[in-house]
Amino acid sequence: MQKQPIVLFENKSHCCLCFDSLVTGEGVQANQFLIIDNDQRMLLDPGGDLTYMPLSLALSKIFPLQDLDYIFTSHQDPDIIASIDKWLLYTNAKVVCSKLWSRFLPHLTAGYLSTSKELSTYERVIPVDDRGALMRLGRCQLKILPAHFMHSVGNLQIYDPISKILFSGDIGVSLVEDANPVQDFVAHEQYMRGFHRRYIASNRVARLWVAMIRKLDVDMIIPQHGRPFVGKAMIEAFLCWVEKQQCGIDLLGPDDFQVPQYDLK
């Protein structure tokens, strides 16, 4: 029996849902999100083939699948966007993504996909500038934030000012099997360290990102994998941790660039 989505926020006109247990087998645990405001719906980072069928079935219990309005993709990784051909085929949704990746999307599709009329993939893409954008969903205005090099060169995030949730993509990712809120930050840090040190480009970009996030009123930071950070104290602990990380090119040295001497096994 499929688990019910987690209700992150809900009032009379606005709702945020998390689907946290759709991936089974060898796939990395992943969270998918749905934001609904009045009569419009946005799906965040729908994932690959592992998630398409269970996620589409879960959504169809909430609304007719073809009525999905937008798909937001934070970056180009397979666990973010590999199923985009199916979403374009079976819904009328437009895809919101970085302008850096917008021309790559047709490579993932059959070229002309629509449930109602013949539109090319590119005609269904809404490209976002490097500095982000404000986007109307229903009667609310979402903030599409730049988060470049954390880890993608065209990385984007969604901040929802109604729920005060930051959907942070791969920032805050932890390699665990559940999406329960972090209770003990010190104990949790071990599940984040390796990923952030390898995938974030440098400490400089980490500090720039933290400075931007501190300008927002955030009650919850929810990554695409693992556990969210809930409440001001936990969020501040996380932001302090991020801005101190030495990562990416900070950690590279001459030993990392040697002509290999080992056979591929």
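Quick look at the values:
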| quantity | calculated |
| --- | --- |
| Per-region count, the range 229-263, residues among the hydrophobic types (A, V, I, L, M, F, W, C) and under 18 Å from H151 (Cβ atoms) | 8 |
| Any hit, the range 68-81, residues being more than 21 Å from A133 (Cα to Cα), part of a loop (DSSP other than H, G, I, E, B) and of a type in the set (D, E) | yes |
| Residue satisfying condition, being in contact with a Pro (Cβ under 9 Å, 6 or more places away or on another chain) and either closer than 21 Å to V176 by Cβ or among the basic types (K, R) (or both), within set I222, I200 | I222 |
| Subset of the range 235-265 [exposed (fewer than 15 other Cβ atoms within 10 Å of the Cβ) and small (G, A, S)] | G253 |
| Conditions (1) out of contact with any Lys or Arg (no Cβ under 8 Å at 6 or more places or on another chain); (2) crowded, with 22+ Cβ neighbours inside 10 Å; (3) outside any loop (DSSP other than H, G, I, E, B); number of the one not met by V95 | (1) |
| Of all residues in the range 156-187 being modelled with pLDDT of 95 or more and under 22 Å from V125 (Cα atoms), the one that is surrounded by the fewest Cβ atoms within 10 Å (Cβ to Cβ) | Y159 |
| Residues located in the range 219-234, provided they are buried (at least 21 other Cβ atoms within 10 Å of the Cβ) and not in a loop (DSSP other than H, G, I, E, B) | M220, I221, I222, P223, F229 |
| Tabulated pairs, the range 78-101, first under 9 Å from P46 (Cα atoms), second among the polar types (S, T, N, Q), C-beta under 7 angstrom, 6+ apart or interchain | I80/T73; I80/S74; I81/T73; S83/T51; I84/T109 |
| Selection from the range 201-231 of residues that are of a type in the set (D, E, K, R) and free of Cβ contacts under 8 Å to residues at least 12 places away in the same chain | R204, K215 |
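The rows are residues; the columns are (1) touching a strand residue (DSSP E or B) at 6+ places or on another chain (Cβ under 9 Å); (2) at pLDDT 90 or above; (3) surrounded by fewer than 17 Cβ atoms within 10 Å (Cβ to Cβ); (4) among the basic types (K, R).
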residue	(1), (2), (3), (4)
G47	yes, no, no, no
S60	no, yes, yes, no
D67	yes, yes, yes, no
S83	no, no, no, no
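The values are calculated or read from the model by the stated rules, or taken from the named source; none is laboratory data. Values in this document were obtained by computation on a predicted structure and should not be read as measured data. All Cβ positions, glycine included, derive from the backbone under ideal geometry; neighbour counts span all protein chains shown.
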